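Please treat every number below as a calculation from the coordinates, not as lab data. In this text, all values refer to a predicted model and were calculated from it rather than measured experimentally. Counting neighbours? That spans all protein chains shown, and the Cβs are built from the backbone with ideal geometry, glycine included.
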Amino acid sequence: MLGLMQNWQLTVDRILQHAAEWHADREIVTRSVEGPIVRTTYGQVHERARRLSNALLAFGVKPGDRVATLAWNSGRHVEAWYAAMGIGAVCHTLNPRLFAEQLCYIINHAEDRIIFTDLTFLPVLLANRDKMPTVETFVVMTDAEHMAGIDFPGALCFETLIEQHSSDVVWGGFDENTACGLCYTSGTTGNPKGVLYSHRSNFLHTLTTLQSDVMGLSAQDVILPVVPMFHANAWGIAFSAPAVGAKLVMPGAKMDGASIHELLETEGVTFSAAVPTVWQMLQQHLEATNGKLTTLKRVVIGGSAAPEAIVRAFRDNYGVDVTHAWGMTETSPLGTQSTPNAAVAALPYEQQLPYRLKQGRAPLGVQLKLTNDADEVLPKDGKTFGRLKISGPFIVREYFRGDGGAILDAEGFFDTGDVSTIDEHGFMQITDRSKDVIKSGGEWISSIEIENIAAGHPKSALAAVIGVHHPKWDERPLLLVKLKAGQTATREEYLAFLEGKIAKWWTPDDVVFVDDIPLGATGKIDKKVIRQQFEHYVLPTAQAAE
Ligand code: ADP
C-alpha cells in the first residue's frame, strides 16, 4: 500500500523560491571581482536568476545540457547556478585551480555549451578557446561598463542579458532524480572524474547539513563560505543558506586573512567554513594586528585535517567553536562532522579535544563501514584501521559517462580511498589515504600520523612520509623533511623526536632533508610526485637485508 501524502518532487529551485517568498529582504553581500562590496537580496537574486533562465532558453539550452561556471563565490554565481538548475540544465562548476589542460579536458568531457565566467578567468579561456569546441557562448559575469574594457570576441554581458529577459519562466516540474550539478574530482590519480548530483541528492544533502549536529544553520545566521562554490559545492552552503534564510557573505577572489577579517567584522558573520590554510592565514593576521572576532561564533574546518593549534587558538583567544568535517566531491560533500555527542559533551574540554580533532560522526543519511583488503568488516574500536566505505542517498553511485567502471562493493558502498578508524562513540578518524598507507610485512602504517608528528618538530617547515620498497618487509617508511629557513638537523635528531610517540616498528627507516615538498592543485602534499622522485631510493635497511 502506498502512502497518501503529496508527491512533492525534491528539486532545488524550491530552495530559492522559498527564500524569495519568506526571506525576500535577507541580504547576499559580495566582495565583487570589480572591487566594490555589492548588496542584493534573496528576492532580487530569485528574480534575476529567472531572467537568466530565459536567456539560457533563448540560447537553446535544453534539459540535461551542461552550463558551466568558472567563478568565485558571489551573488551572480548563485544566480547562474539557480538559472541553470531551475530549468533542468546541469550546472557544471569548473575549478580555476586546475591546469589549463585539465580544464579543457573536463569542459570537453562534460560537453559544456555555455560558460559563465568572472573577469578574472578571461585570459585562460581566450588562450584555450580553440580547445573547447562544444562551448557556444561565453557570458562574462559583469556589467556593461566593465564589458567595454575587455577584448573577448563574441562574449556576452551578464547584466545586459538580465536586462533583456523577463522573469516569466517555469522552474522545476521535473523528476527529482534529474541531474542538477556536475563537479569533477581533482584528478590527483588519472583523469578527473565527474560526479553528477541530482536535485534529490542536493535537496537531501541540504536537509542533512541543517541538522544541529551538522552545520546547524538558522535564519539568524550570517554565513561566509570561504570554501569555493567550485570545490564540492561550497559544502552545500549555496543551498543551505537560502533554505533557512540566512544572510550570505561572499568573499569573491580575496581569501587572505585581512580581507576575510574585514568581511567577518563589517557584515556581522556568525558562521563560516573553510580549509585549514584559510584559518591559519586568518589567525596570523589576527595575531599580527591584535584583531578581534566580535560576531563569529562557529566555524567548520574540512578538506584536510584540522590542526590542533587552530582549534585551540580560535576557542581560547577568540571564543569561536571549531568543528571538524570530512567529505569529498563524491559525497556531496558532507560525510561526517565532529560535533560532540552527549557522552563527549559531558567531558571537560581537554578530554573532548581528541574527539573534536577526529573527522567526526555520520549524520542520518550517511552509512559508514571499515573493511580490510579481503573485504571483511572491521570493528569500530578506535584502533583498528581499514578502508573507509560510505553509502547514502547523496553519495556517488557511478561517475559521469561510466568512468572508472563499477565503483560500489557488493553491499552498495563506495570506497572513499581513505583509511580510518571509528571509535566506540562513532567518531571516524582518517589515518591515511589508501594509496599512501605503508604496507610493511602485511601490516599497515599510517603515513599521515608520522608526518604530523614530524611536522611538529620546531625545525620543520613541512614533512612527508612515503612507503619505499624493502626486500623483506615489502615497504618501509621514509621521512622527508623540509627544514625552516636557516635550520640544520640530523637524521638521529628526528628519529629521537619520534621515539615514544609512535609504535617502534613504525619508525622510518631513513630521514632525508629536502629543499622542497611538492603540493598539488588543492594545496595538499603531492605524494604521487614524491613517490616518482624516490622511485629508485634504496633504504639503508634494504641493503642490510639483502
Ligand atoms: P580533492 O581535495 O582531492 O580535490 P576532495 O575535495 O573530494 O578532492 O577531497 C576529498 C579528500 O580530502 C578526502 O577523501 C580526504 O582524503 C581528504 N579530506 C577531506 N576532509 C578531510 C579532513 N577533515 N581531514 C583529513 N582529510 C580530509
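In segment 83-185, which GluC sites (Glu not before Pro) are in a loop and have at most 15 other Cβ atoms within 10 Å, using DSSP for the loop call? Don't jump to the answer; show the numbers that get you there.
Details: sites: Glu101, Glu111, Glu136, Glu145, Glu159, Glu163, Glu176; in loops: Glu111, Glu136, Glu176.
Listed in order of number, the matching sites are Glu111, Glu136.
Could you list which residues have their amide H under 5 Å from that of Val139, counting only those 5 or more apart in sequence or on another chain, with H placed in the peptide plane?
Ile115, Phe116, Thr117, Leu156
Quick one: which residues, 5 or more positions from Gly335 or on another chain, have an amide H under 5 Å from its amide H? H modelled 1.01 Å from N in the peptide plane, none for Pro or chain starts.
Amide H to amide H, under 5 Å and 5 or more residues apart or across chains, Gly335 pairs with Trp326, Gly327, Met328.
I'd like the antiparallel share, as a percent to the nearest 5, of DSSP beta bridges with both residues in the chain.
Around 55 percent antiparallel, to the nearest 5.
Once you have a ≥ b ≥ c as the square roots of the Cα gyration tensor eigenvalues for the chain, tell me rounded if a/c is under 1.5, and otherwise prolate or oblate according to whether a/b is larger than b/c.
Details: a/c = 1.61, a/b = 1.59, b/c = 1.01.
Prolate is the answer for the chain, as a/c is 1.5 or above and a/b outweighs b/c.
How large is log10 of I(q)/I(0) for segment 351-397 at q = 0.17, 0.23, 0.24 Å⁻¹ when the intensity is taken from the Debye formula with one equal scatterer per alpha-carbon?
Here log10 of I(q) over I(0) equals -0.62, -0.97, -1.01.
Per residue of segment 136-143, what does 6.51 cos²θ - 1.76 cosθ + 1.60 with θ = phi - 60° give for ³J(HN,Hα)? Whole Hz please, x for Gly and Pro, Karplus curve as stated.
8, 9, 10, 10, 8, 7, 8, 9
Angle between the Cα long axis of helix 257-266 and the longest principal axis of the chain, 0 to 90 degrees, nearest 10?
On a 0 to 90 degree scale, this one is about 50.
Can you find, among Ala127, Val78, Cys91, the residue sitting farthest towards the positive end of the charge dipole of the chain, where Lys and Arg contribute +1 and Asp and Glu -1 at Cβ?
Val78
Going by C-beta contacts inside 10 Å, put Arg298, Arg39 in order with the fewest on the left. Mind showing how you got there, number by number?
Numbers: Arg298 19, Arg39 12.
Ascending Cβ contact count within 10 Å gives the list Arg39, Arg298.
By how many degrees, between 0 and 90 and to the nearest 10, does the Cα long axis of helix 199-210 differ from the longest principal axis of the chain?
The angle comes out near 60 degrees.
For the Cα atoms of the chain, what angle does the longest principal axis make with the long axis of helix 13-22, in degrees from 0 to 90, nearest 10?
Approximately 70 degrees, to the nearest ten.
With n ≥ 4 as the cut-off for DSSP H runs, can you work out [θ] at 222 nm for the chain, using -39500 (n - 2.57) per run divided by the number of residues, rounded to the nearest 500? Intermediate values should be presented prior to the final figure.
Details: 18 runs with 164 residues, N = 546.
Value at 222 nm, helices only, nearest 500: -8500 deg cm²/dmol.
For Thr488 and Lys292 in the same chain, what is the full-extension length gain: residue separation times 0.36 nm, less their Cα-Cα distance, in nm?
Numbers: separation 196, 0.36 × 196 = 70.56 nm, distance 3.66 nm.
The Thr488-Lys292 span can extend by a further 66.9 nm.
From the phi of every residue in segment 431-440, what ³J(HN,Hα) in whole Hz does the Karplus formula 6.51 cos²θ - 1.76 cosθ + 1.60 yield, where θ is phi - 60° and glycine or proline is x?
10, 5, 8, 5, 7, 9, 4, 9, 9, 10
If you place +1 on the Cβ of every Lys and Arg, -1 on the Cβ of every Asp and Glu, and leave all else neutral, what size is the dipole of the chain about its Cα centre, to the nearest 20 Debye?
Magnitude of the dipole: close to 360 debye.
Summing Lys, Arg as +1 and Asp, Glu as -1, what charge do residues with Cβ under 12 Å from the Cβ of Tyr82 carry, Tyr82 excluded? Before the final figure, lay out each step's value.
Working: positive: Arg14, Arg48, Arg50, Arg51, Arg76; negative: Asp13, Glu47, Glu79.
So the surrounding residues net to +2.
Run the simple label-point estimate for Ala496 and Ser304 please: 7 Å along Cα→C-beta, distance reported in nm.
3.0 nm
Need one word for segment 155-199: rounded, prolate or oblate. Basis is the Cα gyration tensor (sqrt eigenvalues a ≥ b ≥ c); a/c below 1.5 gives rounded, then a/b vs b/c decides. Don't skip to the answer; put the middle values down first.
Values: a/c = 6.37, a/b = 1.54, b/c = 4.13.
It comes out oblate by the Cα gyration axes.
Just to check I understand the Karplus step: with θ = phi - 60° and J = 6.51 cos²θ - 1.76 cosθ + 1.60, what whole-Hz values come out for segment 402-407, glycine and proline as x?
x, 4, x, x, 6, 10
Considering the dipole of the chain built from charges on the beta carbon (Lys and Arg +1, Asp and Glu -1) around the Cα centre, which of Leu347, Pro363, Met255 is farthest to its positive end?
It is Leu347.
Out of residues 5 or more away from Arg26 or on other chains, whose amide H comes under 5 Å of its own, with H placed 1.01 Å from N in the peptide plane?
Those qualifying (amide H under 5 Å, at least 5 residues apart or on another chain) are Tyr42, Gly43.
Relative contact order of the chain, please, whole-number percent, based on alpha carbon pairs below 8 angstrom and at least 6 residues apart.
On the way: 1130 pairs, mean separation 53.9, N = 546.
Across the chain, relative contact order equals 10 percent.
Label points 7 Å out from Cα along the Cβ direction at His18 and Ala346: separation in nm?
Here the answer is 3.5 nm between the modelled labels.
Is the C-alpha gyration tensor of segment 8-198 telling us rounded, prolate or oblate? Criteria: a/c under 1.5 is rounded; beyond that, a/b larger than b/c is prolate, otherwise oblate.
Working: a/c = 1.61, a/b = 1.17, b/c = 1.38.
The shape class here is oblate.
Rule-of-thumb check for segment 436-545: C-alpha Rg over 2.2 N^0.38 Å? Walk me through the numbers before you get to the answer.
Working: Rg = 13.2 Å, N = 110, 2.2 N^0.38 = 13.1 Å.
This ratio for segment 436-545 stands at 1.01.
Within the chain, what is the longest stretch that has no chymotrypsin sites (Phe, Trp or Tyr not before Pro) placed in a DSSP loop and near at most 13 other beta-carbon atoms within 10 Å?
Numbers: sites that count: Trp8, Phe99.
Result, exposed sites excluded: 100-546.
Can you tell which of Val311, Pro471, Ser53 lies farthest toward the positive end of the dipole of the chain, using +1 and -1 charges on the Cβ of basic and acidic side chains (Lys, Arg; Asp, Glu)?
Going by the charge dipole, the pick is Val311.
Work out the FRET efficiency for Val512 and Arg97 from their Cβ-Cβ distance, taking R0 = 35 Å, and round it to the nearest 0.05.
Working: r = 29 Å, r/R0 = 0.82.
Efficiency, rounded to the nearest 0.05: 0.75.
Using unit Cβ charges (K, R positive; D, E negative) and no other charged atoms, how large, in debye to the nearest 20, is the dipole of segment 416-546 about its Cα centre?
Details: 15 positive and 20 negative charges, 54 e Å.
Once rounded to the nearest 20, the dipole reads 260 debye.
Filter Lys472/Lys527; Lys459/Lys482; Lys383/Lys435 down to the pairs with a C-alpha to C-alpha distance above 18 Å, please.
Details: Lys472/Lys527 23 Å; Lys459/Lys482 9 Å; Lys383/Lys435 20 Å.
The answer is Lys472/Lys527; Lys383/Lys435.
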